[in-house]
Amino acid sequence: MAAHLSYGRVNLNILREAARRELREFLDKCAGSKAIVWDEYLTGPFGLIAQYSLLKEHEVEKMFTLKSGRLPSADVKNIIFFVRPRLELMDIIAENVFSEDKLHSSRDFHILFVPRRSMLCEQRLKEQGVLGSFINIDEYILDLIPYDGDLLSMEYESAFRECYLENDQTSLYHTAKGLMTLQALYGTIPQIYGKGECARHVANMMLRMKREFAGSQNQILPVFDTLLLLDRNVDLLTPLATQLTYEGLIDEIYGINNGYVKLPPEKFAQKKQGESSKDLPTEPKKLQLNSAEELYAEIRDKNFNAVGAALSKKAKIISAAFEERHNAKTVGEIKQFVSQLPHMQAARSSLANHTSIAELIKDITNDVEISFPVSASESFFDNLTVEQEFMTGVDTDKVNTYIEDSIAQKDPLIKILRLVCMQSVCNNGLKQKVFDYYRREILQTYGYEHLLTLNNLEKAGLLKPQTNSRNNYPTIRKTLKLWMEDANEQNPNDISYVYSGYAPLSIRLTQVLARPGWRSIEEVLKMLPGPHFEERQQLPAGLHKKRQQGENRTTLVFFLGGVTYAEIAALRFLSQMEDSGMEYIIATTKLINGTSWIKSLMDRPESQTP
């Protein structure tokens with residue numbers, strides 16, 4: 001089912017299997033028929049670990065979403081609540097249990113907290129008078145979820161907000177625990193590098209946990225050579241920029257959630273002759289996106305401008321393969337053709353889907369001039385131009401006319417915030433006059449309830465007035481070569497292709513660490529927030545890796561606070577470079593894009609969806 005997880009340098013299926021085993025063990029504790037009541041946020045991540053078939057094998061007969069009021073009727077012995085440790089969810093569970101008690105039903109109740117049990121939540125259940133109704137109260141430690149053969153995510157949506165606004169380090173504790181689980185399965189990671197305050201905390205917690213568990217570790221030959229911990233606030237610029245890879249653009253425009261995307265159905269409908277348009281489907285088309293699909297693995301990390309050529313090349317190959325049937329003369333040849341048919345048909349359907357997605361994206365991104373009113377594509381191109389001006393340091397110290405016009409036209413607030421934050425980050429804060437002007441315009445146009453959001457962005461360092469310190473961004477940009485003129489989008493030779501010119505700062509730091517090492521950029525590292533450090537973990541005797549001639553090293557890069565698909569594409573590009581000598585596995589607290597990231601910092605974001 002999850003074969004694509006075991007193709008890479010590190011077999012991430014081991015992690016998935018360990019998670020499935022624990023789930024089975026818990027379900028078997030609750031003897032008899034079961035109904036699961038899900039905290040809705042958990043259904044996506046759980047879907048990557050276990051399908052319904054696995055639950056069914058363990059007598060799960062019904063599944064419901066956690067809602068206030070009465071539970072739907074189900075003729076089962078056990079009701080199991082799968083929930084995150086949130087107080088507001090405890091109140092709903094209490095309501096559910098009370099409604100069952102009124103019916104005098106003889107069901108057994110169980111709670112499974114994901115990823116940790118919480119004393120506060122149990123206290124709340126006690127106050128509500130239902131704690132005694134639960135036979136099992138347990139925790140299911142699901143920290144790192146394998147999303148693909150080289151990608152792990154905790155899907156902890158509030159991690160950045162908690163760390164930088166609320167000074168809450170819960171997500172860092174979960175990260176450290178997740179890394180300990182990883183080391184239990186894949187061996188101790190000998191070298192740890194990090195940059196940023198959160199990275200320092202996570203490394204300290206890991207080293208402390210390692211001391212506490214001394215002597216009880218598995219004797220496993222280490223799979224990872226290095227762990228690099230990077231704080232998201234070391235590079236605030238990258239997530240604000242529009243991603244220009246195929247996967248990045250799908251996420252920017254439609255949003256990828258737990259490996260699935262929902263798309264407008266019209267491009268996917270097979271319209272039959274004489275069929276009226278009202279018969280076409282209205283339900284969004286839901287597609288799974290991962291490397292199990294051959295074509296997607298091939299094109300997802302390409303710059304969008306190179307996708308068209310790749311699709312047309314694939315179309316020629318598939319059509320030539322189908323033409324082969326005319327050449328099949330003998331029974332053996334026909335048999336061989338028939339055996340290849342399912343694979344060829346899957347390839348053809350995959351090509352049709354990606355051609356439709358590429359058309360949907362092209363409608364939005366094409367930079368052709370279209371007569372008034374301004375089309376989506378024209379606005380996309382203008383937006384991109386302004387982003388690239390900021391990244392190259394053009395006019396970052398004065399009010400930008402495009403932003404001004406966009407506010408006047410009442411464009412979506414998130415679009416405005418992304419641009420204003422980007423200008424602020426590229427200028428190390430805005431001049432007080434410019435800062436006040438933007439704040440006033442935003443509050444007068446979009447409403448004063450957004451004052452809290454603007455304060456949050458300021459606290460997180462995204463949108464702030466300039467202090468007397470000088471703007472270091474130009475120095476950082478030049479030293480790390482963050483802007484590359486004439487980036488080659490078709491046959492890239494540098495990571496800057498993922499943003500058509502801008503090389504993500506986070507990935508440049510990763511690249512320099514591998515070669516020639518961070519000592520060569522000490523001055524730049526001091527300009528970036530938080531400490532940088534190096535730790536070594538002692539390996540038991542006999543577990544030191546003997547490296548073969550030409551064998552690549554493996555680095556786990558952990559982004560604390562989120563990572564974008566374009567950054568992932570840039571790391572995959574580095575893994576594939578002939579002379580890099582390094583393969584990267586990517587882990588993060590959350591897969592993000594500029595929109596979801598800014599939304600996580602907004603107060604009342606639901607009142608303001610574009």
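Scanning the range 202-259 for residues that are more than 24 Å from Gly44 (Cα to Cα), aliphatic (A, V, I, L, M) and assigned to a helix (DSSP H, G or I) yields Val202, Ala203, Met205, Met206, Leu207, Met209, Val234, Leu237, Leu240.
Restricting Ala94, Ala74, Ala50 to residues that are under 16 Å from Ile135 (Cα atoms) and either assigned to a loop (DSSP other than H, G, I, E, B) or open to solvent by less than 10 Å² (accessible area, probe 1.4 Å) (or both) narrows the list to Ala94.
Every residue, every condition in (1) in contact with a strand residue (DSSP E or B) (Cβ under 6 Å, 6 or more places away or on another chain); (2) within 20 Å of Asp301 (Cβ to Cβ); (3) assigned to a loop (DSSP other than H, G, I, E, B), yes or no:
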| residue | (1), (2), (3) |
| --- | --- |
| Asn488 | no, yes, yes |
| Tyr497 | yes, yes, no |
| Glu535 | yes, no, no |
| Gly542 | no, no, yes |
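Flag: Glu22 matches the condition of being under 30 Å from Val557 (Cβ atoms), open to solvent by 80 Å² or more (accessible area, probe 1.4 Å) and assigned to a helix (DSSP H, G or I). For Gly187, are the conditions met, namely being surrounded by 17 or more Cβ atoms within 10 Å (Cβ to Cβ) and under 24 Å from Thr595 (Cα atoms)? Spelling it out, it is not the case that Gly187 is surrounded by 17 or more Cβ atoms within 10 Å (Cβ to Cβ) and under 24 Å from Thr595 (Cα atoms). Taking every residue in the range 125-138 that is under 17 Å from Asp91 (Cβ atoms) and pairing it with any residue that is open to solvent by 40 Å² or more (accessible area, probe 1.4 Å) and outside any helix (DSSP H, G or I), at least 6 positions away or on another chain, the pairs with Cβ-Cβ distances below 8 Å are Ile137/Arg117. Condition test on Ser339, is it outside any helix (DSSP H, G or I) and either out of contact with any Phe, Trp or Tyr (no Cβ under 9 Å at 6 or more places or on another chain) or in contact (Cβ under 8 Å) with a residue 60 or more places away in the chain (or both)? Against the criterion (outside any helix (DSSP H, G or I) and either out of contact with any Phe, Trp or Tyr (no Cβ under 9 Å at 6 or more places or on another chain) or in contact (Cβ under 8 Å) with a residue 60 or more places away in the chain (or both)), Ser339 does not qualify.
Residue check: Met484 meets all listed conditions (1) open to solvent by less than 40 Å² (accessible area, probe 1.4 Å); (2) in contact (Cβ under 8 Å) with a residue 12 or more places away in the chain but one, namely (1).
Screening Glu162, Glu166, Glu155 for residues that are outside any helix (DSSP H, G or I), of a type in the set (D, E, K, R) and free of Cβ contacts under 8 Å to residues at least 12 places away in the same chain leaves exactly one candidate, Glu166. When residues of the range 442-474 are filtered for being open to solvent by 50 Å² or more (accessible area, probe 1.4 Å) and part of a helix (DSSP H, G or I), how many remain? Counting residues in the range 442-474 that are open to solvent by 50 Å² or more (accessible area, probe 1.4 Å) and part of a helix (DSSP H, G or I) gives 8. Could you tell me whether any residue of the range 424-433 is open to solvent by 20 Å² or more (accessible area, probe 1.4 Å), under 23 Å from Arg470 (Cα atoms) and basic (Lys, Arg)? Yes, the conditions are met somewhere in the range 424-433. Candidates Lys302, Lys285: the one that is modelled with pLDDT under 95 and basic (Lys, Arg) is Lys285. Taking the criterion of being among the hydroxyl-bearing types (Ser, Thr, Tyr) and farther than 24 Å from Cys121 by Cα, would at least one residue in the range 53-60 satisfy it? Yes, there is a match, as at least one residue in the range 53-60 is among the hydroxyl-bearing types (Ser, Thr, Tyr) and farther than 24 Å from Cys121 by Cα.
Criterion applied to Lys329, Lys316 was being outside any helix (DSSP H, G or I) and open to solvent by 30 Å² or more (accessible area, probe 1.4 Å), and the one residue passing it is Lys329.
Every listed requirement among (1) open to solvent by 10 Å² or more (accessible area, probe 1.4 Å); (2) out of contact with any Lys or Arg (no Cβ under 8 Å at 6 or more places or on another chain) is met by Tyr254 save one, (2). Kindly provide the set of residues from the range 77-90 that are open to solvent by 40 Å² or more (accessible area, probe 1.4 Å) and either farther than 18 Å from His174 by Cα or part of a helix (DSSP H, G or I) (or both), ordered by number. Correct list: Lys77, Leu87, Glu88. Residues of the range 513-528 that are free of Cβ contacts under 8 Å to residues at least 60 places away in the same chain and either within 21 Å of the chain's Cα centre (by Cα) or open to solvent by less than 20 Å² (accessible area, probe 1.4 Å) (or both): Gly517, Ile521, Val524.
Contact list please: Cβ distance under 7 Å, first residue in the range 381-407 and without any contact (Cβ under 8 Å) to a residue 60 or more places away in the chain, second residue in a loop (DSSP other than H, G, I, E, B) and open to solvent by 70 Å² or more (accessible area, probe 1.4 Å), pairs at least six apart or on different chains. These pairs meet every condition: Phe381/Asp367; Glu389/Asp395; Asp397/Lys431. Does Asn11 satisfy the condition of being without any contact (Cβ under 8 Å) to a residue 24 or more places away in the chain and surrounded by 15 or more Cβ atoms within 10 Å (Cβ to Cβ)? Criteria met by Asn11. Restricting attention to the range 234-269 and to residues that are farther than 28 Å from Ala50 by Cα and of a type in the set (Gly, Ala, Ser), the residue that is modelled with the highest pLDDT turns out to be Ala241.
The values are calculated or read from the model by the stated rules, or taken from the named source; none is laboratory data. This one's a predicted model, so the numbers in the text were calculated from it and none came from an experiment. Glycine gets a Cβ as well: all are built from the backbone with ideal geometry, and neighbour counts include every protein chain shown. What goes into the accessible areas is simple: the full protein's heavy atoms, side chains included, and nothing from ligands, DNA or RNA. Shrake-Rupley method; radii C 1.70, N 1.55, O 1.52, S 1.80 Å.
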